[in-house]
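What follows is a short report on a single structure.
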Protein chains: 2
Amino acid sequence: METPAPRPRRVTINDIAAATGYAASTVSRALSRPGRVNAETRDRIQAAARELAYVPNTQARALTSGRTETISVLVSDVTNPFYFGLIRGTQQQLKAAGYAHLLIDSENSAELESHMLTKMRQSIDGAILAASRLSDRALAALAADLPLVAINRTVRGVQSVVIDSPSGIAQATEHLISLGHREIVYLSGPENSWANEARWRALSAAGGRHGLAVRRLGPFPAGRKSGSAAADALLNTGATAGIAFNDLLAIGMLTRLRERGVNVPGQISIVGCDDIFGADFCHPTLTTLTAPIEQAGRMAVSMLLARLENPAGPARSLVLPTHLTVRESTGPLPTTP
Amino acid sequence: METPAPRPRRVTINDIAAATGYAASTVSRALSRPGRVNAETRDRIQAAARELAYVPNTQARALTSGRTETISVLVSDVTNPFYFGLIRGTQQQLKAAGYAHLLIDSENSAELESHMLTKMRQSIDGAILAASRLSDRALAALAADLPLVAINRTVRGVQSVVIDSPSGIAQATEHLISLGHREIVYLSGPENSWANEARWRALSAAGGRHGLAVRRLGPFPAGRKSGSAAADALLNTGATAGIAFNDLLAIGMLTRLRERGVNVPGQISIVGCDDIFGADFCHPTLTTLTAPIEQAGRMAVSMLLARLENPAGPARSLVLPTHLTVRESTGPLPTTP
DNA sequence: CAAGAAATGGCAAACGGTTGCCGCATGTTG
DNA sequence: CAACATGCGGCAACCGTTTGCCATTTCTTG
């Protein structure tokens, strides 16, 4: 009977040490801080490492050095297409820097979020928190212990990358006004979402500046399914234009409006937020705030890695511009007969 | 001047040992194999662990035990929405089992794929390979060293979960035949994709059975952008129906056909594969093969974890059914005047 | 009641690197 | 040429846990 294959011994620095005649510590140095040893030594050791197909053991390295070369990216819901771009951006940038990418879904729960984070604390060098559900205090406390970048969330002392919704919302409002709309409804997303509040505030402000009526409906869960309820509620108000918390909700609304035989933009105009995958091929195609989300992911990684190299550095905060992308879902005010 | 905060000491089993008066080894046992110690001892130690907010260090654990409680999921392109469902499925199931989810993008490159895998080998307990670009030989060799589950790929000796495209393609073919189509074109995806070959073979076979003309165009990169070229090529053949390698390509084709003023399904019918996010709200909505991809992700995780518990177990292979979801993009053969 | 089995806890050696410190050999400077 | 700095390699401790082995105590069992 065969033995059940005892975990195969992998090549270690000791094997390289034995092969080259140097001490293990010298091998370690030659590999991880080449400047510390003689050039010839370095070459010999590196050659042997290649020869033996040596792969450093990250766990062992992390144990003493404390660095794991792993960053976790937390999203509130992996299935939300908004995060696709973000994940793509972080993935790209992390891979380029040789870091591993640990994906965590916090399921919209603050408890789960902080639980996962404490559990993983020792396995990661830093984290990128997209749409964190944590309170400001909790977030600040966490940031003191773990290098962090928050996406779409600003808290004192916590690095962040935020997308400039206020400016985008203002553009959208002006666009609607220019089309003749005088009453705009905001279809609210989850109440514990920071971005949701920011968008509503921006709309109120823009409405105030232009002296028009703005209202808020909801909250609605940020999914396509909630679109039906949102659409029905919007129709019920008699308003001629709606700005949805995000594209998912907006697309759900479009579907519902089509079902009910309501003409978009003939009878009502709809604006989304984020410009996710699908916004350009839904029907009608969606006017939306285009967020440079992939870039946000890349920037977040850069800021995080910069912080890791220089922990004393300043807590930077970056604001990325949005712009309105006008498509088919917005049009002139219907002429009342 | 403040000291730059030397890495904060975290609570270890030694702290618990000191606090309770037991030896570290006993603490370790009480925590990780509670049956091995006296009930009272276990309770005291676990209470102390809770008290001190002890969090086990996974790196240290991995070093001796060899198990990291981490599974990596490799996809060929994170931005492909096909993977969203898969990632969701694996994420759910892994979290439930207490495993970490390491996401890797192989960028459609076999080299990168195997490079990442060898680099990570010691940091993971197993891997799920979606759309692997590795050769059969390389894959089998890898599987001998690392517990593996391949998605949409069958190789002798490698566990797998595949989606039953042949049956789905057959359904799609019969659907098109029932609508009167006599000539079907396959819009091919990347040549190094196993699923692409499987789909084409299935279509050839189905075509043969029903005595109709099938042709193949391409290969086209599996993205929406390639849809234009694919649509133009399809129109050029004069065929009345096309089955696209995947929904991304199909949606791209719909966009192009609309641009060119071609009526779908009035003049031409389009079928996609996978039923990704967007297939139900593009215009026209897409008839497609609905793949239980999220379930595939969950099953893959289950199979992998089962294998980890019992490495000697058989290399199982699972086939998941597909079904045709008929929407607006397919219709009766246009009546030639 | 003796002998063997089972339960329980401790010791110490790993696991695979990193790093502070030391010593030797060489190079630099006045 | 003495005094000192610098370059380079080795020793050994350490990171936090797991685990094989052993000693003790407590049960079983004939």
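Between the helical axis of B:136-145 and the dominant principal axis of chain B, each derived from Cα atoms, what acute angle in degrees is found, rounded to the nearest 10?
20 degrees
Of B:GLY211, B:GLY272, B:GLY297, which has the largest mean-square fluctuation in a 10 Å C-alpha GNM of chain B?
Among B:GLY211, B:GLY272, B:GLY297, the largest mean-square fluctuation in the Gaussian network model of chain B belongs to B:GLY211.
Between A:SER109 and B:GLU191, what FRET efficiency comes out of the Förster formula 1/(1 + (r/R0)^6) with R0 = 35 Å and r the beta carbon distance, rounded to 0.05?
0.20
For region B:256-328, just say rounded, prolate or oblate: build the C-alpha gyration tensor, square-root its eigenvalues into a ≥ b ≥ c, call rounded for a/c under 1.5, and beyond that prolate if a/b exceeds b/c, oblate if not. Before the final figure, lay out the partial values.
Details: a/c = 4.66, a/b = 3.77, b/c = 1.24.
The shape class here is prolate.
What is the percent of Cα-Cα separations in region A:165-292 that go past 25 Å?
12 percent
Run the numbers on chain B and let me know its relative contact order in percent, using alpha-carbon pairs under 8 Å that are six or more apart.
17 percent
Pairs of alpha-carbon atoms within less than 8 angstrom and 6+ residues apart define the contacts here; what relative contact order does region B:1-96 have, in percent?
21 percent
Using the 7 Å Cα-to-Cβ label point, sort the distances from B:ARG121 to its equivalents in the other copies shortest first and give them in nm to one decimal.
3.4
Given DSSP loops and a limit of at most 12 other Cβ atoms within 10 Å, what is the longest stretch of chain B that contains no such GluC sites (Glu not before Pro)?
Formally, the longest exposed-site-free interval is B:3-190.
Just to be sure I understand the model, the point goes 7 Å from the Cα along the line to the Cβ. What's the resulting A:ARG209 to B:THR335 distance in nm?
In this crude spin-label approximation the distance works out to 5.9 nm.
Can you give the local net charge around B:THR287? Use residues other than it whose beta-carbon is closer than 9 angstrom to its beta-carbon, Lys and Arg +1, Asp and Glu -1.
Within the 9 Å Cβ shell, the charges total 0.
If you put a point 7 Å past Cα along the Cβ direction, how far is that point for B:ARG260 from the same point in each other copy, in nm, smallest first?
Relative to the other copies, B:ARG260 has label-point distances of 3.8 nm.
Work out, in µm²/s and without decimals, the Stokes-Einstein translational diffusion coefficient of chain B at 4 °C, 1.567 mPa s, Rh from Kirkwood over C-alpha pairs.
57 µm²/s
Just to confirm my numbers, what's the Cα centroid distance between region B:224-249 and region A:192-228 in Å?
If you average the Cα positions of each part, the centres end up 40 Å apart.
Among B:TYR22, B:PRO56, B:SER32, flag the residue with its Cα farthest along the positive direction of the charge dipole of region B:13-56, charges on Cβ as +1 for Lys/Arg and -1 for Asp/Glu.
Farthest along the dipole direction, towards plus: B:SER32.
For region A:165-292, build the charge dipole from Cβ charges (+1 Lys, Arg; -1 Asp, Glu) around the Cα centre, then report which of A:MET253, A:THR285, A:LEU234 sits farthest towards its positive end.
Checked the options; the winner is A:LEU234.
Which one of A:GLY66, A:SER76, A:LEU320 has its Cα pushed farthest toward the positive end of the charge dipole of chain A, where Lys and Arg give +1 and Asp and Glu give -1 at the Cβ?
Going by the Cα projections, it comes out as A:GLY66.
For region A:28-66, list residues with backbone N below 16 Å from a point placed 7 Å from the Cα of B:SER65 toward its Cβ?
Flagged as within label range: A:59-60.
Given a 1.4 Å probe and no ligands, DNA or RNA in the count, how much accessible surface is buried by A and B, both sides, to the nearest 100 Å²?
Looking at A and B, the buried total is near 4400 Å².
Give, rounded to the nearest 20 debye, the magnitude of the charge dipole that region B:202-310 has about its Cα centre when Lys and Arg contribute +1 at Cβ and Asp and Glu contribute -1 at Cβ.
Taking the Cα centre of region B:202-310 as origin, the dipole is about 340 debye.
Would you work out the relative contact order for region A:165-292, in percent, from Cα pairs under 8 angstrom that are 6 or more residues apart? Can you show the working numbers first?
On the way: 232 pairs, mean separation 30.1, N = 128.
Computed value for region A:165-292: 23 percent relative contact order.
Which FRET efficiency value, to the nearest 0.05, do you get for A:ALA97 and B:ARG36 by plugging their Cβ-Cβ distance into 1/(1 + (r/R0)^6) with R0 = 35 Å?
0.25
May I ask for the angle, rounded to the nearest 10°, between helix A:293-309 and the longest principal axis of chain A, with both axes built from Cα atoms and the value confined to 0 to 90°?
40 degrees
Please list the radius of gyration and Dmax for the protein assembly as shown, considering alpha-carbon atoms only, with Å as the unit.
Rg, Dmax (Cα atoms, Å): 28.0, 94.
Picking from B:ALA213, B:ALA300, B:ALA19, which is most flexible by a Gaussian network model of chain B using Cα springs under 10 Å?
Top of the fluctuation ranking is B:ALA19.
How big is region B:13-56 along each principal axis, measuring the range of its Cα positions in Å and listing the largest first?
22, 17, 16
Using a label position 7 Å from Cα in the Cα→Cβ direction, what is the ascending list of nm distances from B:ASP145 to the same site in the other copies?
Result for B:ASP145, in nm, nearest copy first: 3.8.
With a 1.4 Å probe and every protein chain kept in, tell me what percent of the accessible surface of region A:1-118 is carbon plus sulfur.
After summing per-atom areas, the C and S share lands at 50 percent.
Run the simple label-point estimate for A:ARG9 and B:SER135 please: 7 Å along Cα→C-beta, distance reported in nm.
3.1 nm
The values are calculated or read from the model by the stated rules, or taken from the named source; none is laboratory data. Everything numeric here is computed off the predicted structure, so don't read it as measured data. Neighbour counts are summed over all protein chains in view; Cβ atoms, including those assigned to glycine, are modelled from backbone coordinates with ideal geometry. The accessibility values were calculated without ligands, DNA or RNA, using every heavy atom of the protein model including side chains. Shrake-Rupley method; radii C 1.70, N 1.55, O 1.52, S 1.80 Å.
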